[in-house]
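The values are calculated or read from the model by the stated rules, or taken from the named source; none is laboratory data. Note that the coordinates shown come from a computational prediction; the quantities given were computed from them, not determined experimentally. Cβ coordinates were reconstructed from backbone atoms using ideal geometry, including for glycine residues, and neighbour counts include every protein chain displayed.
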Amino acid sequence: MVRVVHLSASDSSGGAARAAYRLHTGLRRAGVHSTMLVEEKKSDDPDVVRFRPPADLVSRLRRRMRRGSIERDAAQYPNRPPSLDWFSDDRTPYGEQLAAQLPHCDVINLHWVAGFVDYGGFFPAVRKLGVPLVWRLADMNAFTGGCHYDDGSGKFVQQCGACHQLGSSDPNDLSHQIWQRKKSALAALPDDALHLVGTSRWIAGEAKRSSLMGRFAASIISNGLDVRDFAPRDKRFARDFFDLPPDAKVVLFAADSASTVRKGFAYLAEALQGMNDVANLLLVSVGGGEPKITGVPHRHLGRIKDDRVLSLAYSAADVYVIASLQESFGQTVTEAMACGTPVVGFASGGIVDMVRPGLTGELAPTKDVAALREAVKNLLNDPARRAMMAEHCRRVVLAEYSLEVQSRAYLALYESLVERSKRGGRVADNKI
């Protein structure tokens, strides 16, 4: 059986980390020898190993110097708005130290590794091991000059620079310098040494357009979830659990941070504020930081870490809304669908793969507040249509987005890469 090591900054902090851990769990259930190596460990899973940097004096001094250099470069751009997504350097304090702690394996699978994997130290060192690399693209950072979502700039297609997210007009700014270092580090990898996995058609297509990753083969494998944890719950019980009115028309919104512009909460707020003709409307939100809205009754449930409790929040809702402007996948969509809750979203990124108009929800053109409002209103006012969609939502998740489906797809990819490595061939692009 294939032995796989997953590299992830965390096993639980953020949607990308949870997705990585879910894949690890699914593979273990399938009998695969799966291990995670992480910078931050919060689970009690014995197959998740925390990276421990060398503690000798020289190593500690090197890490301090590297950290200082990274921080000084970032400090040149002090006016970056906090409402933007992460911006991550290709360098980390660990240099080549991470590669030295890799457990013995047949395949290395990278996930969200910003601040953990140092490009210049990691990729040349791993290349010497001759082990196939897989990279599940949780966002765009792997192939940009630092941003995790490019806000539509498209500069990653060439060589970044003059980055508006840094407030820069300098073509040789930090984003271009990061791009150059990534290019140099990835040059150590032959075309067949790295296989990309897009969680949606959109993110896979963006990777293939990029100047850094376009030469590598890519497949599309959606994120999976445990359909036992995420399942339809009794709506009355779910509302009682959160002390929500039984007769309310509940719209649910979830995000790690609603203040992040890309998550589009402002568009949802505007849409709901124009729905004065909908009786008993209630917005319920989940995540870090309570979003601000006026003129609409609102309940914020905070962060919910337990998946079964989270399934109650989805089950309590009549409609789940995802108003993201860019989204590599959007796993809250499949979580809602697994609980039988129809989804309304903008037709952006990976959302269009899951939200199938008339079956699992409705789509509105990105940033079109009027269309978003109309789609939400129509579903709230049509219980029979929502009930029909609920059945389709659950059926689609069982068929396409379960951990079992995801694990089988990854195992087939791993086995093909290991076999190809033995015979010196190349695994072609899949579904691009």
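Yes or no, residue by residue, for (1) polar (S, T, N, Q); (2) on the phi < 0 side of the Ramachandran plot; (3) in a loop (DSSP other than H, G, I, E, B); (4) outside the structural domain of residue 390 (by TED's automatic domain parsing):
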{"site": "230", "(1), (2), (3), (4)": "no, yes, yes, yes"}
{"site": "285", "(1), (2), (3), (4)": "yes, yes, no, no"}
{"site": "294", "(1), (2), (3), (4)": "yes, yes, yes, no"}
{"site": "312", "(1), (2), (3), (4)": "no, yes, no, no"}
The stretch 1-28: number of residues that are out of contact with any helix residue (DSSP H, G or I) (no Cβ under 7 Å at 6 or more places or on another chain), closer than 22 Å to residue 228 by Cα and among the charged types (D, E, K, R): 2
Does the stretch 330-349 contain any residue that is at pLDDT below 95, touching a Ser or Thr at 6+ places or on another chain (Cβ under 7 Å) and under 30 Å from residue 237 (Cβ atoms)? yes
Name the single residue, out of those in the stretch 58-110 being touching a Ser or Thr at 6+ places or on another chain (Cβ under 9 Å), under 28 Å from residue 25 (Cα atoms) and assigned to a helix (DSSP H, G or I), that is modelled with the lowest pLDDT. 97
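So that you can scan it fast, the table gives a plain yes or no per residue for (1) surrounded by fewer than 21 Cβ atoms within 10 Å (Cβ to Cβ); (2) of a type outside the set (Ser, Thr, Tyr); (3) under 24 Å from residue 235 (Cα atoms):
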| site | (1), (2), (3) |
| --- | --- |
| 272 | no, yes, yes |
| 278 | yes, yes, yes |
| 284 | no, yes, yes |
| 326 | no, yes, no |
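Restrict the check to the stretch 357-367 and report whether at least one residue is outside the structural domain of residue 137 (by TED's automatic domain parsing) and closer than 23 Å to residue 20 by Cβ.
No; the residues of the stretch 357-367 include none that is outside the structural domain of residue 137 (by TED's automatic domain parsing) and closer than 23 Å to residue 20 by Cβ.
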Selection within the stretch 82-106 - out of contact with any His (no Cβ under 9 Å at 6 or more places or on another chain), crowded, with 17+ Cβ neighbours inside 10 Å, closer than 30 Å to residue 416 by Cβ and of a type outside the set (Asp, Glu): 98, 99, 102
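Given the criterion within 22 Å of residue 269 (Cα to Cα) and among the β-branched types (Val, Ile, Thr), identify the matching residue among 405, 418, 396, 352.
On the way: 405 fails: within 22 Å of residue 269 (Cα to Cα); 418 fails: within 22 Å of residue 269 (Cα to Cα); 396 fails: within 22 Å of residue 269 (Cα to Cα).
Checking each option against the conditions leaves just 352.
Conditions (1) at positive phi; (2) in contact (Cβ under 8 Å) with a residue 60 or more places away in the chain, marked per residue:
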site: 11; (1), (2): no, no
site: 19; (1), (2): no, yes
site: 31; (1), (2): yes, no
site: 73; (1), (2): no, yes
site: 78; (1), (2): no, no
site: 83; (1), (2): no, yes
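Only one residue in 333, 319, 284, 355 is under 19 Å from residue 140 (Cβ atoms) and of a type in the set (Val, Ile, Thr). Which one? If you could, list the steps in order and put the result at the bottom.
Numbers: 319 fails: under 19 Å from residue 140 (Cβ atoms); 284 fails: under 19 Å from residue 140 (Cβ atoms); 355 fails: under 19 Å from residue 140 (Cβ atoms).
Result of the check over 333, 319, 284, 355: 333.
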Positions within the stretch 236-251 being touching a residue at least 12 places away in the same chain (Cβ under 8 Å) and over 28 Å from the mean Cα position of the chain (by Cα), in sequence order: 237, 239, 241, 244, 245, 247, 248, 249
The stretch 351-393: number of residues that are of a type outside the set (A, V, I, L, M), within 26 Å of residue 233 (Cα to Cα) and within 25 Å of the chain's Cα centre (by Cα): 8
Those residues that are among the aromatic types (Phe, Trp, Tyr) and free of Cβ contacts under 8 Å to residues at least 24 places away in the same chain, I need them from the stretch 319-363; list them, please. none
Can you name the residue in the stretch 7-37 that is closer than 23 Å to residue 149 by Cα and in a strand (DSSP E or B) and, of all such residues, is farthest from the chain's Cα centre (by Cα)? 7
Members of the stretch 351-376 found to be in contact with a helix residue (DSSP H, G or I) (Cβ under 7 Å, 6 or more places away or on another chain), crowded, with 18+ Cβ neighbours inside 10 Å and closer than 27 Å to residue 402 by Cβ, listed by number: 351, 353, 354, 355, 360, 361, 362, 363
